[in-house]
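Participant: Sharing a structure, written as structure tokens. Questions coming.
The values are calculated or read from the model by the stated rules, or taken from the named source; none is laboratory data. For clarity, every value in this text was computed on a predicted model and none was experimentally measured. When we count neighbours, we look across all protein chains shown, and the Cβ atoms used for this are built from the backbone with ideal geometry, even at glycine.
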Amino acid sequence: MQLEETKNRLMRMKIKKAHLILFIFLLITLFMNQVKSCSMYKITVDGKTVVGCNHDTWLTTPKIWFENAKQPNEYGAAFTGARQVGENRTAPQSGMNEKGLAFSRMAAHYTGQKNQFHDRLKIGDEVDYLTGILHHCATVKEVKQYIEAYDHSVFINDVFIYIDSSGSYLIAEPYKLTVGNESNYVLSNFCPSITDHVQARQLMRYRNGEDFLKRNNVTASLAYYSALSDTMHVCRKRNGDGTLLTSIWDTKDGAVNLYFYHNYDSTVRFNLSEELAKGDHTINIQGLFPGNSEFERLMSFKTPFNTPVLRILLVAIAGLLFLINLILIVAAIKAKRTGITFKNTLLISAVNIFLVGYLFVLATNESIYYFDAPYKHYNSDLISASSYIPFLLLAVIIPVSLFTMKRLKSIHMKGWIKTTLVSNNFIYLLLILSFGYWGLYTFWN
């Protein structure tokens, strides 16, 4: 009797631990997001500086908005972005103010280190901070002074570049600010202070831009700038996704040309002064351009990152698989009464453990849904290896189904075990259909 109570107590402890693990899993998957890729260039020629920005992302809400100066010593500015961070608020990805100060933002991993700026002002709102720089600064020198007042290490996964109308630029990394004045400059998803040229050229966007500048004489024309942007843009095979928005900022004329969803046949031009005269306003960029079938397909493609209920379902399915394994463990412990053993359920238990881990990967790595399958992670062999789990599920679905059917015919098998096995099979089928929809079996690209 005492032994039985001890077993039950241990089982309750395991279940509580499982609930805690699932709760942590839910928190992580609900708030994690994959950083987006981008690229940019600046060209100073014939007394004019132009800044080109490619915003490469899977977001579907690109906007351009105009904000007037709120104080006499401030400047009006225009911004582009697509990541909504609140009601009627979008995180700036690029922009320019009335003085010709422009900026671009790119994802770039920087290994965390001891915070050198703990005594500086804290950045509580990224939108206010980023828009504030353009509202208060006219030159790269002023931007440097502005940023040095803040703990900018909070942007551990970003690199920013600010360019003024003279052609000078400031690269703002999490722990370092660097000023430069090269006539032509290209930047992509890396921090220059910790990335050598050989490593940088492994990035296609950067390599393409650098090679274009070497092969073609620089000319001060929109045709040249758009061709360079086109050379650096991305269009992936699987879903046709990639460069959502290209913005080419003319710091001398105070204008911007927009190109939508890596289509460089048509452009829309805005004059900053004219737009600011209309008052503060926001424009949805999709409506400015002709219909784009690739973008419409992207908008209809559902993932756990653009459809929150799917992420919750991933967590719920992981929880069910975990619970099924616990039930099978209990059944195997009581093998004499249940008729099922550890040997009988070894395959199911192993597959379920792999699936729980893979569902976590799916809930925290957005790029899996867009890059070719099997997915290759940029710095994790484990995540890359997990991309073969959908194929493992295909391989085991038939033997597991046969095993379940055989147990259903048994008059000695407990009803609750039969229900568990049927539920497990149903989850397998649901996951196979989901993996197929997401293109996780589409390896021939």
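Participant: Looking for something surrounded by fewer than 16 Cβ atoms within 10 Å (Cβ to Cβ), hydrophobic (A, V, I, L, M, F, W, C) and not in a helix (DSSP H, G or I) - is there at least one such residue anywhere in the stretch 250-266?
Facilitator: No.
Participant: Taking only pairs six or more apart or across chains, which ones have beta-carbon atoms under 7 Å, a first residue in the stretch 382-410 that is in contact (Cβ under 8 Å) with a residue 12 or more places away in the chain and at positive phi, and a second residue that is aliphatic (A, V, I, L, M) and surrounded by 16 or more Cβ atoms within 10 Å (Cβ to Cβ)?
Facilitator: Partner pairs satisfying both residue conditions: none exist.
Participant: Which one is farthest from H262 (Cα to Cα) among residues in the stretch 280-294 that are in a loop (DSSP other than H, G, I, E, B) and in contact with a strand residue (DSSP E or B) (Cβ under 8 Å, 6 or more places away or on another chain)? Spell out the reasoning first.
Facilitator: As a first pass, look at the stretch 280-294 and keep what is in a loop (DSSP other than H, G, I, E, B): 280, 289-292.
Remaining after also requiring in contact with a strand residue (DSSP E or B) (Cβ under 8 Å, 6 or more places away or on another chain): 280, 289, 292.
Details: D280: 28, F289: 12, N292: 10 Å.
Ranking the qualifying residues of the stretch 280-294, first place goes to D280.
Participant: Restricting to the stretch 322-334, name every residue that is assigned to a helix (DSSP H, G or I) and either at pLDDT 95 or above or not β-branched (V, I, T) (or both).
Facilitator: F322, L323, N325, L326, L328, A331, A332
Participant: Just checking, how many residues over the stretch 108-135 are surrounded by fewer than 18 Cβ atoms within 10 Å (Cβ to Cβ) and either part of a helix (DSSP H, G or I) or among the hydrophobic types (A, V, I, L, M, F, W, C) (or both)?
Facilitator: Total satisfying the criteria: 7.
Participant: Could you tell me which residue of the stretch 148-168 is nearest to S104 (Cα to Cα), considering only residues that are over 25 Å from the mean Cα position of the chain (by Cα) and not acidic (D, E)?
Facilitator: Residue satisfying both the conditions and the ranking: I163.
Participant: Quick one: is I432 within 17 Å of V351 (Cα to Cα), over 25 Å from the mean Cα position of the chain (by Cα) and part of a helix (DSSP H, G or I)? Let's see the steps before the verdict.
Facilitator: Numbers: within 17 Å of V351 (Cα to Cα): yes; over 25 Å from the mean Cα position of the chain (by Cα): no; part of a helix (DSSP H, G or I): yes.
Here the answer is no, as I432 does not meet what is asked.
Participant: Same structure again: Checking G319 against (1) assigned to a helix (DSSP H, G or I); (2) surrounded by fewer than 16 Cβ atoms within 10 Å (Cβ to Cβ): exactly one of these is not met. Which one?
Facilitator: Here G319 meets the rest and fails (2).
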